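Inspection log for the structure reproduced underneath, given as structure tokens.
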Amino acid sequence: MKYKQLSFILAILLVLSALFNLYQWQKFNNLENEYTDLLQSINKISYKVSLLISFGNGTRIWFNNTRIPIGWSLFNLTYYLTEGNMQFTATQWGPFITSILSVSQYDNRYWLWYYWDPSAHEWLPGEVGAADYYLKDNDIIAWCLCEWGETP
């Protein structure tokens, strides 16, 4: 008699466990679908970019796959990622960056920006000021404290 009761209780526990696992699996699938839908919505209004800050002494900081609103400039991105820890001089061509993360330009070393050209597999110098370069999806950008002609 005890074995029948024990078998019955174990069978009930097995059914309850299976139902619980089915519920959790269904909940996981629903969350995964919601996540996919949300990511598709976010992709319509934002870009993913990566930024390298190279201090010219071997120290490098990467900010990979940073999600930003469409329409942001390199200046906006730099200000955001450094939490405003940057300095610049206003010029007729836009802001000229003089310090990033409390590291200032000196001698013949300036904060210059570059973009990664995936087809050429090389860093190319920015052709406009940071405030005039509007980021594109999957851009890879670098700030380098270096002399003109050096690359990150």
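The values are calculated or read from the model by the stated rules, or taken from the named source; none is laboratory data. Note that this is a predicted model, so its numbers are computed, not measured. Don't worry about glycine lacking a Cβ; one is built from the backbone with ideal geometry, like all the others, and counts go over all protein chains shown.
Residues that are of a type in the set (A, V, I, L, M) and either within 30 Å of TRP113 (Cβ to Cβ) or in contact with a strand residue (DSSP E or B) (Cβ under 9 Å, 6 or more places away or on another chain) (or both) within region 27-58 comprise LEU39, ILE42, ILE45, VAL49, LEU51, LEU52, ILE53, listed in sequence order.
Give THR82, THR91 a once-over and let me know the one that is closer than 24 Å to TYR134 by Cα and loosely packed, with under 10 Cβ neighbours inside 10 Å. Just a single option satisfies the conditions, and that option is THR91.
Taken over region 120-134, the residue count meeting the criterion of being under 21 Å from the mean Cα position of the chain (by Cα) and touching a residue at least 12 places away in the same chain (Cβ under 8 Å) is 8.
Set side by side, the residues ASP107, ASP117, ASP137 differ, and just one is of a type in the set (D, E, K, R) and touching a residue at least 40 places away in the same chain (Cβ under 8 Å), which is ASP137.
Residues in region 70-125 that are at positive phi and at pLDDT below 95: 2 in all.
Within the option set LYS44, LYS48, being basic (Lys, Arg) and either more than 21 Å from GLY126 (Cα to Cα) or buried (at least 17 other Cβ atoms within 10 Å of the Cβ) (or both) holds for one residue only, LYS44. Does LEU14 satisfy the condition of being assigned to a helix (DSSP H, G or I) and loosely packed, with under 12 Cβ neighbours inside 10 Å? Taking the combined requirement at face value, the residue satisfies it.
Tell me the strands (runs of 3 or more DSSP E) entirely within region 26-125 that contain at least 1 residues that are in contact with an Asp or Glu (Cβ under 7 Å, 6 or more places away or on another chain). Show your work before the answer.
On the way: elements: 46-54, 60-69, 86-91, 94-100, 110-117, 122-125.
Ranges flagged: 46-54, 94-100, 110-117, 122-125.
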